[in-house]
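These notes concern the structure reproduced below.
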């Protein structure tokens, strides 16, 4: 038997995901300012590709937990 109902887990996840995204952007933004002037076009592309994908990796377990019965 689950301690939290699915509705409550979804509420918690809905609050945590935007907080995580804002925190991630606060870290990635200045990092991009430091690194991107030294990169060529392909390096900039890789930075944004990796940055765009990497924020979701820590969220996947949270999403699974939110939808667990």
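Taking the Cα atoms only, what angle lies between the long axis of helix 41-54 and the longest principal axis of the chain, rounded to 10 degrees? The answer is roughly 10 degrees. The separation of segment 53-69 from segment 26-46, counted between C-alpha centres, amounts to 26 Å. Per-residue ellipticity at 222 nm, computed for the chain from helices alone with -39500 (n - 2.57) per DSSP H run of at least four residues, works out to -25500 deg cm²/dmol. Summarising the label geometry, the points placed 7 Å from Cα in the beta-carbon direction at residue 53 and residue 68 lie 2.7 nm from one another. When the chain is treated as a GNM with alpha-carbon contacts under 10 Å, the residue of 24, 39, 47 showing the greatest mean-square fluctuation is 39.
The angle between the Cα long axis of helix 6-35 and the longest principal axis of the Cα atoms of the chain comes to about 10 degrees, rounded to the nearest 10.
FYI, it's all coordinate maths here, none of it is from the lab. Predicted model, so just to flag it, every value in this text is computed and none were measured. No Cβ is skipped: glycine too gets one built from the backbone with ideal geometry, and neighbour counts run over all protein chains shown.
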